1. So which of Leu142, Leu108 ends up being closer than 15 Å to Glu15 by Cβ, at pLDDT 90 or above and either part of a helix (DSSP H, G or I) or among the polar types (S, T, N, Q) (or both)?
2. If we scan the range 115-127, do we find a residue that is in a helix (DSSP H, G or I), modelled with pLDDT under 80 and among the charged types (D, E, K, R)?
3. Filter the range 145-163 down to residues that are surrounded by fewer than 17 Cβ atoms within 10 Å (Cβ to Cβ) and in contact with a helix residue (DSSP H, G or I) (Cβ under 7 Å, 6 or more places away or on another chain) and give me whichever is modelled with the lowest pLDDT.
4. Residues Ser73, Ser83, Ser97: which one is more than 30 Å from Thr13 (Cβ to Cβ) and either buried (at least 16 other Cβ atoms within 10 Å of the Cβ) or at pLDDT below 85 (or both)?
5. So in the range 121-138, with the set limited to residues that are within 18 Å of Leu194 (Cα to Cα) and of a type in the set (Val, Ile, Thr), which one is surrounded by the fewest Cβ atoms within 10 Å (Cβ to Cβ)?
6. Return a yes/no flag: does the range 164-172 have any residue that is buried (at least 20 other Cβ atoms within 10 Å of the Cβ) and not in a helix (DSSP H, G or I).
7. Mind counting the residues in the range 100-128 that are within 12 Å of Gly22 (Cβ to Cβ) and out of contact with any helix residue (DSSP H, G or I) (no Cβ under 6 Å at 6 or more places or on another chain)?
Amino acid sequence: MSVAQWQRVDSKTLEILLAAIGVVVLVVGMAMPLLGIVGIIDPVITSRAVPLGGGGDGADILRQGSFALTEGSTGELSFADPSFKERVMLALPRLVSAGLALAVVYLLLRVVRTLKAGDPFVPANARRVTAISALVIAFGTLDPIVESLTTGSLIGNSGAQYLIDTGVTFTWPPILIGILVAALSEVFRRGTRLRADVEGLV
């Protein structure tokens, strides 16, 4: 098998893998939660792990309205029969994460297709890698904000607001990875300029 043939097979394998990941994210991360929200299937998400700001005795520490707050290694906010609004609030963080992941997979697929063509250093790839870095950073910043806001909406003015820490805690690994990917986008930009300069000399 020649190097060119190997590259085509390698790129095709990566393309299939990314497409499979995209399908899983679409079904598990978006379709099933949405079907649960509208009531076509039972709600997929009926509880949420929450950081506790106060103490507890290891049993139920609060039951109020439609939810129960229990203590474990972290608190668990659970809903036996969530309303439509509660189903939306419970599923929204996963939907946001799945949407960001799908966008990243789509952009990676576009980059892989240029690799298969043997021409990765194109201006479009630099823009795609920059967009990927922004999406990864958003995963570490936007997702915690959505989770904090929806948790606050779920507990409302109940006594749980004094027990649950609804502050925003950013997820640093995705932010750092996003910064590294942004540096990689600069490599693509420089490669694009270098290729243009070389072609101009020919």
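The values are calculated or read from the model by the stated rules, or taken from the named source; none is laboratory data. Quick caveat: nothing in here was measured; it's all calculated off a predicted structure. Don't worry about glycine lacking a Cβ; one is built from the backbone with ideal geometry, like all the others, and counts go over all protein chains shown.
1. Numbers: Leu142 fails: closer than 15 Å to Glu15 by Cβ.
Being closer than 15 Å to Glu15 by Cβ, at pLDDT 90 or above and either part of a helix (DSSP H, G or I) or among the polar types (S, T, N, Q) (or both) holds for just one of Leu142, Leu108, which is Leu108.
2. Yes: the range 115-127 contains one or more residues that are in a helix (DSSP H, G or I), modelled with pLDDT under 80 and among the charged types (D, E, K, R).
3. Only one residue fits best here, namely Gln161.
4. Numbers: Ser83 fails: either buried (at least 16 other Cβ atoms within 10 Å of the Cβ) or at pLDDT below 85 (or both); Ser97 fails: more than 30 Å from Thr13 (Cβ to Cβ).
Answer to the selection: Ser73.
5. Kept after step one, since they are within 18 Å of Leu194 (Cα to Cα), are these residues of the range 121-138: 121-127, 129.
Checking which are of a type in the set (Val, Ile, Thr) leaves us with 122, 129.
Numbers: Val122: 16, Val129: 23.
So, considering only residues that are within 18 Å of Leu194 (Cα to Cα) and of a type in the set (Val, Ile, Thr), the one surrounded by the fewest Cβ atoms within 10 Å (Cβ to Cβ) is Val122.
6. As a first pass, look at the range 164-172 and keep what is buried (at least 20 other Cβ atoms within 10 Å of the Cβ): 164.
If we keep only those that are not in a helix (DSSP H, G or I) as well, we get 164.
Yes, the conditions are met somewhere in the range 164-172.
7. Final tally of qualifying residues: 1.
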